[in-house]
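Structure first, then comments.
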Amino acid sequence: MSRPKIVPAHISKFHRFVRHGLNERQARIADMVRHGFKNKEIADELQISIRGVGAYMQETLRMLGLQGRKELVLLWRNGER
């Protein structure tokens, strides 16, 4: 399965995440998660550690009141919040 090309952060469609108080990095990672990227792929793309991706995800999920990646994807698909 081919992955979508990563677009520059300033034109990516992650504004829904930003309006919930996420910073740009958190929103970018959330956007990549919704496209199905794994932590290692995100880390490689953003040139950060895998642990860093995990920390950003943990904080992002906490801020959005979600339990896991699946809920994040469903939030995006359903347009909730």
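The table below lists the values:
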| read-out | value |
| --- | --- |
| Count of segment 60-72 residues which are exposed (fewer than 14 other Cβ atoms within 10 Å of the Cβ) and either in contact with a Ser or Thr (Cβ under 7 Å, 6 or more places away or on another chain) or under 14 Å from ASN23 (Cα atoms) (or both) | 1 |
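Matching residues to (1) assigned to a helix (DSSP H, G or I); (2) open to solvent by less than 60 Å² (accessible area, probe 1.4 Å); (3) under 21 Å from ARG77 (Cα atoms); (4) at pLDDT below 95:
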position	(1), (2), (3), (4)
ARG3	no, no, yes, yes
ILE6	no, yes, yes, yes
PHE17	yes, yes, yes, yes
ARG25	yes, no, yes, yes
ARG28	yes, yes, yes, yes
MET32	yes, yes, yes, yes
GLY52	yes, yes, no, no
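The values are calculated or read from the model by the stated rules, or taken from the named source; none is laboratory data. The shown structure was predicted, so the numbers you read here are calculated from the model rather than taken from an experiment. With ideal geometry, Cβ positions are generated from the backbone for all residues, glycine too; neighbour counts draw on all protein chains shown. Surface areas here come from the heavy atoms of the whole protein model, side chains and all, with no ligands, DNA or RNA. Shrake-Rupley method; radii C 1.70, N 1.55, O 1.52, S 1.80 Å.
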